[in-house]
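Read through the structure below, which is laid out as structure tokens, and then see the notes.
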Amino acid sequence: MSERARHHTFPEETIGEQAYRLVAELYPLCRSITGDGVRQSLDILARRIPLAVREVPSGTPVFDWTVPQEWNIRDAYVRNSRGEKVIDFRQSNLHVLNYSTPVRATMPLAELKKHLFTLPGQPDLIPYKTSYYRRNWGFCLSHRQLQSLEDGDYEVVIDATLADGYLTYGEVYLPGETEDEILLSCHICHPSLCNDNLSGVSVLTLLAEQLAAAPRRHSYRFLFIPGTIGAITWLAQHAAAVSRIHHGLVVSGIGDRGGLTYKKSRQGNATVDRAVAYLLGRSGLRHEIVDFTPYGYDERQYCSPGFNLPVGRLSRTPFGSYPEYHTSADNLDFVTPVALGEAWATLRDILQLLDGDGKFINLNPYCEPQLGKRGLYDSIGDNELAMLWVLNLSDGEHSLLDIAERSGVEFGALREAAELLCRHALLKRLDG
Amino acid sequence: MSERARHHTFPEETIGEQAYRLVAELYPLCRSITGDGVRQSLDILARRIPLAVREVPSGTPVFDWTVPQEWNIRDAYVRNSRGEKVIDFRQSNLHVLNYSTPVRATMPLAELKKHLFTLPGQPDLIPYKTSYYRRNWGFCLSHRQLQSLEDGDYEVVIDATLADGYLTYGEVYLPGETEDEILLSCHICHPSLCNDNLSGVSVLTLLAEQLAAAPRRHSYRFLFIPGTIGAITWLAQHAAAVSRIHHGLVVSGIGDRGGLTYKKSRQGNATVDRAVAYLLGRSGLRHEIVDFTPYGYDERQYCSPGFNLPVGRLSRTPFGSYPEYHTSADNLDFVTPVALGEAWATLRDILQLLDGDGKFINLNPYCEPQLGKRGLYDSIGDNELAMLWVLNLSDGEHSLLDIAERSGVEFGALREAAELLCRHALLKRLDG
Amino acid sequence: MSERARHHTFPEETIGEQAYRLVAELYPLCRSITGDGVRQSLDILARRIPLAVREVPSGTPVFDWTVPQEWNIRDAYVRNSRGEKVIDFRQSNLHVLNYSTPVRATMPLAELKKHLFTLPGQPDLIPYKTSYYRRNWGFCLSHRQLQSLEDGDYEVVIDATLADGYLTYGEVYLPGETEDEILLSCHICHPSLCNDNLSGVSVLTLLAEQLAAAPRRHSYRFLFIPGTIGAITWLAQHAAAVSRIHHGLVVSGIGDRGGLTYKKSRQGNATVDRAVAYLLGRSGLRHEIVDFTPYGYDERQYCSPGFNLPVGRLSRTPFGSYPEYHTSADNLDFVTPVALGEAWATLRDILQLLDGDGKFINLNPYCEPQLGKRGLYDSIGDNELAMLWVLNLSDGEHSLLDIAERSGVEFGALREAAELLCRHALLKRLDG
């Protein structure tokens, strides 16, 4: 644990700095899709947010899949004939093929090499590799390290267990005025990788912390889950309740120095898709909006055709398109407090818009109401146009976001106008 | 009354010149939202068109509003201590804050100044100002005039009455073959302003005169009404009948030297919106099509969400965006016979298109009819394509305007083809 | 009959060369909308394809039309006073106004000239002219030939008959797994014209030959019919069955050196329209996609509003826009084996796409199925993305073509993925 992460409250810290510190604290743990690495990570999050930790037994059927066995690892190394550890899990948990079966054997280099994974094109980096659904063991190392291995016999130890146990995930549910939910989801199954995994975990933790402290119209559900199997497990066990999810975002890879990338939901024109496009378009931030594809993070599951939830994904540089992806270079130097803070603020703005959006009905729809006799002409000055737009389009068909898109008037001004008109009984919220 | 306006018929005049003469005749009258200025103006129109003058009593509730008291003014002036009239209503009726309460008092300049309105940025112009819904009195004058006022006591007289009476408006109803209506509306509440108000009044008067003399498929309703409260009053008293309005136009600010501006209805794609865009696009005239906003003239009321009528607005330079707007510079030099005549012709073309448009049904929809045996191949030459288009798309879904937009064939040619095919019992009009 | 056409099988020939040979074999025959020229042409086609020859009696009412009399011509010429044949049907069947009434007379040049047709702007070419629905006789000749005629009496002979008989057309029906049909239609009524008429006839013949030899999901119907009246006759007699036509193409003018032109169906966005646009867009071929108009070949009838069938048209240079159109220059030099072969291959690809397209349903729609346990991750490598797209969008709403358009993944890869997934019971075809 680094010096930075030792303490828990730094009131002078920015949100970005707090998020970075949380990344740093989680970084050393060896996570996988199951096991104690996930539990320890969730324990750290639970210090800040009302996290419920759920455990689903191995063997539980979840749609076309089965909850896998639990993997726990204590140590792993490869020792040469001189007794030197040439590969050592304690130096980097990426050294072990994630979810490796246990092994304890001595073998010549040629035999060992069948279980060694490197990146010849990036010879200084350790790759991150997994073997979840095919039993295997192995070590990952830099290509230079591989090239330096001499012939001879090697002692190989992976002191791990693969046994029935549980799949563990964390959930924060923040009830709001309505049961309509906004879902925020991130994966928590990667070991020492900062951007791919921990950036999303830390930003969502700070977001949950902030939302828990303020009044909310929507209910919010945060999921901290192992990738793929975690989303499938949660969906399988909550299939009946997903209809409450009105908007959702998968958040991952949000801490690097690249611009923001929003990947639309499968629906393509869901409110969340339009809200993010609206806000990013006015944000002045570098960003790109890309269409849905069925490849990616857990939006694959949320947007499977049986669910087709309005869930998009917010990232920075798309996964797979930066050279540090799934290597030891996705480390604490690769993510920055500024990037994490900006991501947090963008998500806060998105949630604020989604929470405030809705349809209203003009209670005086025949001709304009006489604003002057209610003092509304003078009281608001520049906002007269916002009021006129809200009154004109609040016919039960148009949401505030619709009105913002059509009118060019800022969403915030429209929302204030709607609240003012509601107070004067000229408007009524239709939903929630 | 000017030399030009003294006579009533000038058979050699163009329509534009006639419209200009009517503007000139109406110019000197002091109109407001109620009162004799409106009555006198309507009397002038009634010499040309079958105008019904309606009177609605003060105090009548109309939706969220109440019909206001009637304002009548006989004289108004400010006299300095030497007895000289330094502001004189008889020189320009803009000098009086429109709808001023009566006043008769003597006061020092400092006190008087609280009731004087000028335009420091346009120091030679008298502003046009009103105070309809807040009781006040005042004078409007050029900023230079204000600067020339010496200290001392001033005699202030506004010999006006504000008392229960009527809201007066004019209505022309021209019954056609069907009860489906086309609405043409202009405001008639501004005093000596030529473009903002009188240009629309005069062009619509000449249009009503022309339409009254010819056969009509649609019925036409012309409204000459005080702005805002007049539209609200008419709508409140005819709410059940507005469903007959199939197309409508507010006409105002149509006499200046700028290009034409069409503001779409709230529906955005109503037939009138498409018809105007179609015709302006082929007209060779400078023009602009702009989206609906809930700010403007009486389209605000016609397009309020409870009515949502297909009513657009035809103007030239948009109100508020020319420096002469609501000043004494919106005078007889600001409008031209050419601009008025071109506006009239454009409106005539729009109404002709709307009147002739409609859906037809091909009575021989399976394969093409044999045009040759009916002599239709030879008789029409170039119009064969128009016939083929009308036959092909007259499936009950497509109007002639739809066909014109899709085919690129001129609306007039399609209309002639439709009439020819109707005469040969190959086509039948579906509506009206 | 040319040297090329004398033999029937040239196994080393390309498809384009075979098509060209068929054009050459059909070229000399004198076709019209009825009569033995059509019968002889169909006989030639019947050597390669299972052609049913249909005969509909003259006088049969077909919608607004009547099946016309049968026209047969044995000889025609104009002889000058020296007994020389100055116009001779045996040199070119274009010399006779097609569907001429018989004539046998002697007349001065001035009288004869009323029945002579030339192209002064293309003085070396014989025009192709018809007079189907107005009784007339005449000769077509080059303008130079006309200018060389001396004054004097001419013997005029058209040894033809116009009498009750039959309208003849050919039909190939290839039943498939479903009764859903793909219609391919060409006109067969032009005499010695290669591009306009024979190019479509030959390419469709070779296409029918190939389709007859392979398994088919759809049923295919090929029509070889006289233009206009043939399509009207077929539609009149099969009106109840046209609902089986799911896709269709009129093929004509497909053998010249110009790029391909696809004219959309009246529907404009039918599957055939989208399939052709999709394939041409990826073909690397020069091409143009044009909107439907009610003028053209038999798509006029198939797309009449009562039928509104999804039938487009594939051509090369649009009819009427090349100078050889409807003249003696539309000869064997004007069409090329390469152009015919490329047209054939394009049509084959279109039909393959239409035949393979369809909607599928993901049988495991909640979350992704576990492809790994079925060996599908490894077995297909690059096609993983195709599988994910097919699974994700196979919700009963999206066809493979929809998925191809949205995903950018090649249709062929999607189709293979769909077949693989069907074999693993993860997907099921919905239609057919």
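Only the coordinates and a few stated rules stand behind these numbers; no lab work does. What you see is a predicted model; the values in this text were computed from it and never measured. In this analysis, Cβ positions are derived from the backbone assuming ideal geometry, glycine residues included, and neighbour counts consider all displayed protein chains.
Would you please classify the overall shape of the protein assembly as shown from the alpha carbon gyration tensor, given that a ≥ b ≥ c denote the square roots of the eigenvalues, rounded means a/c under 1.5, and beyond that prolate means a/b larger than b/c while oblate covers the rest?
Judged from the Cα gyration tensor, the protein assembly as shown comes out oblate (a/c at least 1.5, b/c at or above a/b).
Under 15 Å from the Cβ of A:Gly176, count the other residues' Cβ atoms, weight Lys and Arg +1, Asp and Glu -1, and hand me the total.
On the way: positive: A:Arg216, A:Arg217, A:Arg221, A:Arg244, A:Arg429; negative: A:Glu177, A:Glu179, A:Asp180, A:Glu181, A:Asp355, A:Asp357, A:Asp431.
Taking every Cβ under 15 Å from that of A:Gly176, the sum is -2.
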Mind listing the label-point distances from A:Ser148 to the same position on all other copies, shortest first, one decimal in nm, points 7 Å along Cα→Cβ? 9.8, 9.8
Chain B: radius of gyration and largest Cα-Cα distance (Dmax), Å: 25.1, 94
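Can you compute the FRET efficiency between B:Glu17 and B:Thr178 using 1/(1 + (r/R0)^6), with r the Cβ-Cβ distance and R0 = 30 Å? Round to the nearest 0.05.
Efficiency at R0 = 30 Å is approximately 0.30.
Rounded if a/c is under 1.5, else prolate if a/b is larger than b/c, else oblate: which is the range B:298-432, with a ≥ b ≥ c the root eigenvalues of its Cα gyration tensor?
Details: a/c = 4.08, a/b = 2.24, b/c = 1.82.
Here the range B:298-432 falls in the prolate category.
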Ascending list, in nanometres, of distances separating the C:Gln91 label from those of the other copies (7 Å, Cα toward Cβ): 9.8, 9.8
In degrees, nearest 10, the alpha-carbon axis of helix A:271-283 is tilted away from the dominant principal axis of the alpha carbons of chain A by 90
Cβ-vector label at 7 Å, A:Tyr133, separations to other copies in nm: 6.5, 6.6
Between C:Ser148 and C:Ala46, what's the calculated FRET efficiency when r is the beta-carbon distance and R0 is 51 Å? Round to 0.05. 0.75
For the range A:358-429, rounded, prolate or oblate, judged on the Cα gyration tensor with a ≥ b ≥ c (square roots of eigenvalues), a/c < 1.5 rounded, else prolate if a/b > b/c? oblate
The range B:103-135 scanned against label point 7 Å out from B:Ser81 along Cα→C-beta; backbone N under 17 Å for B:106-113
In degrees, nearest 10, the alpha-carbon axis of helix B:15-26 is tilted away from the dominant principal axis of the alpha carbons of chain B by 30
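Only bridges whose two residues both fall in the protein assembly as shown count here: according to DSSP, what percent of them are antiparallel, nearest 5? Intermediate results must be reported in sequence, preceding the final value.
On the way: 123 of 192 bridges.
Here the antiparallel bridges make up roughly 65 percent for the protein assembly as shown.
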Skipping prolines and chain starts, which residues have an amide H placed within reach, meaning under 5 Å, of the one on C:Leu167, given they are 5 or more residues away or on another chain? C:Val56, C:Ser58
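Fewest Cβ neighbours within 10 Å first, please rank C:Leu388, A:Leu314, C:Leu149 accordingly. Could the numbers behind the result be given before it?
Working: C:Leu388 20, A:Leu314 25, C:Leu149 17.
Arranged by neighbour count, lowest to highest, C:Leu388, A:Leu314, C:Leu149 become C:Leu149, C:Leu388, A:Leu314.
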B from C by rotation - nearest chain C beta carbon to the axis, in Å: C:Asn269, 11
Could you work out the local net charge near C:Thr228, counting Lys and Arg as +1, Asp and Glu as -1, over the other residues with Cβ closer than 12 Å to its Cβ? -3
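With Rg and the Kirkwood Rh both taken from Cα atoms, where does Rg over Rh land for the range C:2-119?
Working: Rg = 18.7 Å, Rh = 17.5 Å.
Rounded to two decimals, Rg/Rh equals 1.06.
With 10 angstrom as the radius, rank A:Arg39, A:Arg429, C:Arg21 by how many other C-beta atoms surround their C-beta, starting from the fewest. Mind showing how you got there, number by number?
Values: A:Arg39 17, A:Arg429 14, C:Arg21 21.
Ascending Cβ contact count within 10 Å gives the list A:Arg429, A:Arg39, C:Arg21.
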Mean-position separation - Cα centroids, the range A:381-432 and the range C:109-124, in angstrom: 76
Along the range B:289-294, Karplus-curve 3J(HN,Hα) (6.51, -1.76, 1.60; θ = phi - 60°) to the nearest Hz, with x for Gly and Pro, reads 10, 10, 6, 4, 10, x
According to a simple spin-label model (label point 7 Å from Cα along Cα-to-Cβ), what is the distance in nm between A:Glu397 and A:Arg423? 3.1
Scan the range A:124-228 for GluC sites (Glu not before Pro) in coil per DSSP, keeping those whose Cβ has at most 15 other Cβ atoms within 10 Å, and list them by number. A:Glu150, A:Glu177, A:Glu179
Averaged over peptide C:298-308, how many Cβ atoms belonging to another chain are found within 10 Å of each residue's Cβ? 4
Quick one: work out the % antiparallel among DSSP beta bridges in chain B, nearest 5. 65
Within 10 Å of each Cβ in peptide A:358-367, how many partner chain Cβ atoms are there on average? Round it to a whole number, please. 5
Sorted by chain and then number, the residues having a modelled amide H within less than 5 Å of the amide H of C:Val62, at least 5 places away or on another chain, are C:Val67
Can you tell me the orientation of helix A:36-46 relative to chain A, as the angle in degrees between its alpha-carbon axis and the longest Cα principal axis, to the nearest 10? 30
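When Cβ neighbours within 10 Å are restricted to other protein chains, what is their mean count per residue of peptide A:384-391? Don't jump to the answer; show the numbers that get you there.
Details: counts 1, 3, 0, 1, 5, 3, 1, 4.
Per-residue shielding by partner chains comes out at 2.
Stretch C:Asn136-C:Arg244 to full length: gain in nm at 0.36 nm per residue minus the Cα-Cα span?
Numbers: separation 108, 0.36 × 108 = 38.88 nm, distance 4.03 nm.
Length gained between C:Asn136 and C:Arg244: 34.9 nm.
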The exposure ranking of C:Leu141, C:Leu279, fewest beta-carbon neighbours within 10 Å first, is C:Leu279, C:Leu141
What number, rounded to the nearest 500 deg cm²/dmol, is the helix-based mean residue ellipticity at 222 nm of chain C, given -39500 (n - 2.57) per DSSP H run of at least four residues and division by all its residues? -8500 deg cm²/dmol
Scaled to the compact-protein estimate 2.2 N^0.38 Å, what is the alpha-carbon radius of gyration of the range A:70-163, rounded to two decimal places? 1.00
Using a Förster radius of 56 Å, what is the FRET efficiency between C:Arg406 and A:Arg104 based on their Cβ-Cβ separation? Nearest 0.05, please. 0.65
Find how many whole Å separate the alpha carbon centroid of the range C:287-307 from the alpha carbon centroid of the range A:45-98. 65
